[in-house]
Amino acid sequence: MVLEVNGGVALMGNPANCIGVVQGQRQEELVMEAERARRRGEELYSFKAWEVEGTSAERSNASVSELYQLNHLTILSSNINVQPCLSKDFVLPTNLLRYEITVNNDGVWASYPKSRILKIRGIEATSLVAFKSLCEKVEYLELVRIEGCCQNLVPGIDETGLNELKRLSLCRFELECIIDTAQQQDVPSTVFSNLVDLSLERVGLREICSGGRPPRGFLENLETLEISSCASMSCLFPSWVLIQRLRKLKKVTVKGCFKLEDVFQLEGLSYAKENPFLLSSLESLHLVYLLNLKYIWKGPTQQVSLRSLTVVEVQWCSKLRYLFTLSLARSLLQLEQLKVRRCGSLEHIVEIKEAEENVGGGGGNDVIFPKLRILKLDGLENFISFFDSQNYSSTWPALQELSLYLPLNSTTSFVAQLEANVLQTSKEKLRVLEVGIISDQLCNMVLAQLIHGFQNLEELKIRDCRVPVLSQLELSLPRLKKLMLEELEELECLCKGPTHLLSLPNLKTLEVCDCNRLRHMFSPSLARNLLQLEELVIGRCGELEQIFIEDDAEYNQTLSKDRLWWPLLFPNLSRIDITSCHKLKSMFLVSIAHLLSLQNLTTLRLQSCPMLTHLFSSTTLVRNLLRLESIDIEDCGELEQIIVEGHTENDHVQLGLFPNLSSISVKRCGKIKTLFPVIIAQLGFQKLRTLIIEESFQLEELFGHKNEADMTSDREMVLPRLDRLTLKQLASLVNFCSVGYHFIFPSLSWLVVKGCPKITTRFSVDQNRSVHAETKRRCCGGDGGLHSDRGEVQHQQGLNRDGGVVVVMLWFDVVILRWVVWGYG
């Protein structure tokens, strides 16, 4: 039966002995969910606030033990809150076929059970015995924050071997081992035989299996093993006998186990051709932050085959000297990704052991990795070569991504091997190349050999190399889409001399960071070769003064021959992001503004450019910004104007600018006095949604008019979509707009005015829920603030003129209309 509680809400209390009313019937199903559920069209509701025996002198709610009286109960879903120490009277039904029981887990609602799930947290280890009756058949067991120490799960918690268990998750649990076989007579003959997923996080165990030989079936169905932050573990699999059981193991992830010295212990294992290979189902291996790891494989490896392994990732294993033996490397026929990063002691990828050179896996001195697509070697301070013997080499015919950040002592034999693989074998397939080499000799050698002639390369990153001029590499990469230049301390310019030496016709993204000798980015002739560029990112280039330079002999020579032939530059550029360029003085020079299109620019972000005085040199350039959506400016201390107003530009020239601009944010720009000419708002800014101005201490008004004396009557300006307006810490702000202008915001829902002691603009709300901003001529002093004379405001809470910040909520009828935060200097 289904016990259904009608009424439309979950019962917060369960009357004592309430379950007794269903005794005598067949209680086949009792669903106590923590949220409304549906099953076969029936409404099911939850019981909460169970009483636990021994915790209260008087009982007002139903007791968990009452469930034990339901002899025919077979399906149960319940969330129980208990004290860490359970009483001896705490019992649960033993004849359940399906259940989902959570203990002390209010954030997770129990659902209709389709299997046998038990999730326990926040109780003492000694209280786990209360759940023994469920452990024999449990399929998913989760134990979190168990207080105190427990020696083992088997036989400590369950003596039958947890053979129905498919998934085990332990977190923050002081457990010495999963199974202890020291006393064989106490251990069942079969243990964990159906376990598929094992997850251990911050568990204090020293090893998975302690004692003698593992019992029959132990972990023979395990597919996924994830271990994280188990600080006491020194060896993951301490014997080859245990590893022999892992026939179905597919994924191993180990992170942050600082005492771990080896992963697979193989000592004592002898090779026999007739015996099955070990770990032949392993597909992925991830080892991260194992600071004491010395061996992945300790002992002879001829009986191990990694024929299914596709992904290997090793990071921050500072004592590891090599990854594979020769026999293992020969078995890596399915390997697709090899990523090794920040392993300071690593010298070789493959170590040749004399005993295995001619045993198992075939011979030959060339080891082929036929499916290797991604190879990344990064931050390997002591790396020497791929093999520890010059008699061996490797081939990567399918390589598509190569990332190399190699140290001074990398051998020329490895460079030659790279040349053979990349230039000869994988030349047409390589799509991504990242190089960064400290040694001058190796830098010149690798760049000269690797950069030239990659017709299908789509992404190139050059980092920490001595390259004074990029064009000296004679890059001709017709399909390159992304170019990243980082930490090139010698880079002075991208191109010097004929620009055809730098041919990147399909480049879409250009990122330049930490190039501290770079003084400018583009000349007109170089920009002509980058017509497909969509994103320009520049960061931390301390000497950069200009984005463009005018001195371009190639441009001047071409222009003198055919003035109409020169194309508009950057027609596809959609994003400009410039950060921490402390000497940048201008973005776009007036003299080349007529060459720039910028018709697809949508995002403009400038941060920490303290010498920048303005963004746009004239409205001539701004007229092209038809798709600009976002302007974000921060920490530009010398910025005086966003648009430099020319002497010959009339108001009609400025009409309709920024038709798609939706967000403006200006923060900590100390010298700016006016944000925009007010005439721009007459037909522009029609899609503006967010306007945020903060900590710009000389700002006097947001929208100014250069002929304010001519204004004799109000002019209405409507910003129909403005939703959020924030004005903070603007010590000199007097007006939102010039005198005689009246702004209307029909959609404004958030207004913040804080730290603006001089403001005189009057904000009001009319009966149509539109917010108005007006600046009147001052006759007898200013009267800024929040007003409601245009409509009926039914409630106004605490407007404080004496200082501080006040939150005002305005209601029209019953609906909350606006949040307004108002602060005075």
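Quick notes on this structure:
- Residues that are in a loop (DSSP other than H, G, I, E, B) and under 13 Å from residue 276 (Cα atoms), drawn from region 302-315: 302, 303, 305, 306, 307
- Elements of the type strands (runs of 3 or more DSSP E) sitting completely within region 566-666 and holding at least 2 residues that are at pLDDT 90 or above: these cover 575-579, 603-607, 630-634.
- Complete set of residues in region 216-236 that are surrounded by fewer than 18 Cβ atoms within 10 Å (Cβ to Cβ) and among the aliphatic types (A, V, I, L, M): 231
- Qualifying residue in region 217-225 (condition: part of a strand (DSSP E or B), at pLDDT 85 or above and of a type in the set (Phe, Trp, Tyr)): no
So that you can scan it fast, the table gives a plain yes or no per residue for (1) surrounded by 19 or more Cβ atoms within 10 Å (Cβ to Cβ); (2) assigned by TED's automatic domain parsing to the domain that holds residue 228; (3) within 24 Å of residue 258 (Cβ to Cβ):
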{"site": "119", "(1), (2), (3)": "yes, no, no"}
{"site": "143", "(1), (2), (3)": "yes, no, yes"}
{"site": "162", "(1), (2), (3)": "yes, no, no"}
{"site": "188", "(1), (2), (3)": "no, yes, no"}
{"site": "192", "(1), (2), (3)": "yes, yes, no"}
{"site": "196", "(1), (2), (3)": "no, yes, no"}
{"site": "208", "(1), (2), (3)": "yes, yes, yes"}
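- Every residue from region 68-80 that is out of contact with any Pro (no Cβ under 8 Å at 6 or more places or on another chain) and modelled with pLDDT of 80 or more: 74, 78, 79, 80
- A count restricted to region 256-300 and to residues that are under 24 Å from residue 372 (Cβ atoms), of a type outside the set (Asp, Glu) and within 30 Å of the chain's Cα centre (by Cα) stands at 10.
- In this structure, residue 172 does satisfy being among the charged types (D, E, K, R) and on the phi > 0 side of the Ramachandran plot.
- Residues that are touching a Gly at 6+ places or on another chain (Cβ under 6 Å) and farther than 16 Å from residue 353 by Cα, drawn from region 312-332: 318
- Selection count, region 329-383, where residues are closer than 18 Å to residue 305 by Cβ, modelled with pLDDT under 85 and in a loop (DSSP other than H, G, I, E, B): 9
- Listed by position, the strands (runs of 3 or more DSSP E) inside region 500-541 whose residues that are in contact (Cβ under 8 Å) with a residue 40 or more places away in the chain and not charged (D, E, K, R) number at least 3 are 535-539.
- Selected residue (criterion: modelled with the highest pLDDT) from residues of region 710-738 that are outside any loop (DSSP other than H, G, I, E, B) and polar (S, T, N, Q): 726
The values are calculated or read from the model by the stated rules, or taken from the named source; none is laboratory data. All values reported here derive from a predicted model rather than from experimental measurement. Please note: Cβ atoms are built from the backbone with ideal geometry, for glycine as well, and neighbour counts cover all protein chains shown.
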